[in-house]
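K.L.:
Below is the structure I would like to discuss, written out as structure tokens.
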Amino acid sequence: MSRTLIARISACVLFITLACIAYWQPAYTQNNAPAKLKLNKVKDDLYEIEGDGGNVAVYITDEGVILIDDKFDQDHQSIVDNVKSVTNQPIKYIINTHYHQDHSGGNGKFLPTAEIISTAMARTNILEHKQLGNVQPPDVVPARITFTTETAVHLGGKEVRAIFLGRGHTNGDAVIYFPALRVIHTGDLMAGTSPLIDYNGGGSVVEWTKTLDNALKLDFDTVIPGHGAITNKAGLLTYRNNIEKMRTRVSGLIHEGKGQAEVAKFMETEYKWAPNSIQQQWSVPGMFQELK
């Protein structure tokens with residue numbers, strides 16, 4: 001084989017590889033260039049910052065601000081600027097819903113001035129670099145305060161609860177509850193139109209619906225999802241039921257004797273999971289094993 005032909009083949013393979021990475025990793029990979037973020041009012045002193053990574057909740061009190069998630073490292077200044085547009089209070093606490101860097105990548109820049117809280121499992125997953133595809137930078141910083149079942153932050157006469165209700169997207173997803181406002185932030189237990197199951201990080205499509213059943217027992221009417229538009233309790237119930245339907249259909253295919261490639265094709269056709277999408281990379285192999 002000539003050197004010219006080898007070079008052309010190598011260039012083609014590199015192009016395809018980079019294209020695939022660009023296609024399925026945008027929500028989980030830092031782009032290094034700050035994106036434009038948008039601040040939306042949810043209710044009373046609760047706001048949401050959307051764009052570039054997971055939705056950030058901003059809860060303002062007379063003694064400081066509580067954030068839920070902090071997107072990528074690159075979004076730090078934009079988050080700070082958005083918070084300053086509605087309050088002069090400093091950011092004192094950040095609660096990570098889970099360990100993925102589009103929700104906890106800003107921890108390092110916030111830690112000098114704010115305390116960060118997560119489930120113990122989310123901290124472990126950061127320390128062990130569980131995020132697949134080598135898309136977690138080595139300097140993502142874990143929380144210093146952790147919990148296993150439930151904790152709460154009381155600040156300025158207001159309360160925010162962080163609750164572990166079971167596995168789903170990962171093994172350490174926290175549901176954040178604002179009891180006075182009847183609002184929850186689900187992290188990626190609700191995100192997009194269909195679930196992304198991070199099996200390497202302990203996720204489970206079987207446990208996911210049970211976890212959402214537990215969340216639905218809370219007294220709330222408004223839902224801030226990990227990604228996507230703010231919704232309500234009925235929207236979360238619909239999302240839960242769609243996960244169950246998807247799981248039942250995939251389980252049926254597996255028990256009919258379909259192979260992993262056939263399941264992947266089904267997900268591509270029925271759920272629009274592109275061949276090189278992160279769902280195909282992370283979720284299909286794990287579902288195939290879990291639902292056998």
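K.L.:
Report every pair of residues separated by at least 6 positions or lying on different chains whose Cβ atoms are under 7 Å apart, first residue within segment 257-271 and open to solvent by 80 Å² or more (accessible area, probe 1.4 Å), second part of a helix (DSSP H, G or I) and modelled with pLDDT of 95 or more.
P.N.:
GLU262/LEU253
K.L.:
Okay, next question. Residue by residue through segment 62-87, note down the ones that are surrounded by fewer than 24 Cβ atoms within 10 Å (Cβ to Cβ), in contact (Cβ under 8 Å) with a residue 60 or more places away in the chain and within 16 Å of THR113 (Cβ to Cβ).
P.N.:
GLU63, GLY64, ASP73
K.L.:
Within segment 221-231, is there a residue that is open to solvent by 60 Å² or more (accessible area, probe 1.4 Å), at pLDDT 95 or above and of a type in the set (A, V, I, L, M)?
P.N.:
yes
K.L.:
Just checking, how many residues over segment 232-256 are free of Cβ contacts under 8 Å to residues at least 12 places away in the same chain and either β-branched (Val, Ile, Thr) or part of a loop (DSSP other than H, G, I, E, B) (or both)?
P.N.:
3
K.L.:
For segment 178-194, check the following and say yes or no: at least one residue is touching a residue at least 60 places away in the same chain (Cβ under 8 Å), crowded, with 21+ Cβ neighbours inside 10 Å and touching a helix residue (DSSP H, G or I) at 6+ places or on another chain (Cβ under 6 Å).
P.N.:
So far as segment 178-194 goes, no, none of its residues is touching a residue at least 60 places away in the same chain (Cβ under 8 Å), crowded, with 21+ Cβ neighbours inside 10 Å and touching a helix residue (DSSP H, G or I) at 6+ places or on another chain (Cβ under 6 Å).
K.L.:
Within segment 124-141, can you find the residues that are surrounded by fewer than 20 Cβ atoms within 10 Å (Cβ to Cβ) and either at pLDDT 95 or above or out of contact with any Ser or Thr (no Cβ under 7 Å at 6 or more places or on another chain) (or both)?
P.N.:
THR124, LEU127, GLU128, HIS129, LEU132, GLY133, ASN134, PRO137, PRO138, ASP139, VAL141
K.L.:
Is there a residue in segment 203-210 that is touching a residue at least 60 places away in the same chain (Cβ under 8 Å), within 26 Å of PHE72 (Cβ to Cβ), touching a Pro at 6+ places or on another chain (Cβ under 7 Å) and crowded, with 17+ Cβ neighbours inside 10 Å?
P.N.:
Checked segment 203-210: no residue is touching a residue at least 60 places away in the same chain (Cβ under 8 Å), within 26 Å of PHE72 (Cβ to Cβ), touching a Pro at 6+ places or on another chain (Cβ under 7 Å) and crowded, with 17+ Cβ neighbours inside 10 Å.
The values are calculated or read from the model by the stated rules, or taken from the named source; none is laboratory data. Everything numeric here is computed off the predicted structure, so don't read it as measured data. So basically every Cβ, Gly included, is an ideal-geometry build from the backbone, and we count neighbours across all protein chains shown. Ligands, DNA and RNA are stripped out before the accessible areas are found, and what is left, the full protein with its side chains, is counted by its heavy atoms. Shrake-Rupley method; radii C 1.70, N 1.55, O 1.52, S 1.80 Å.
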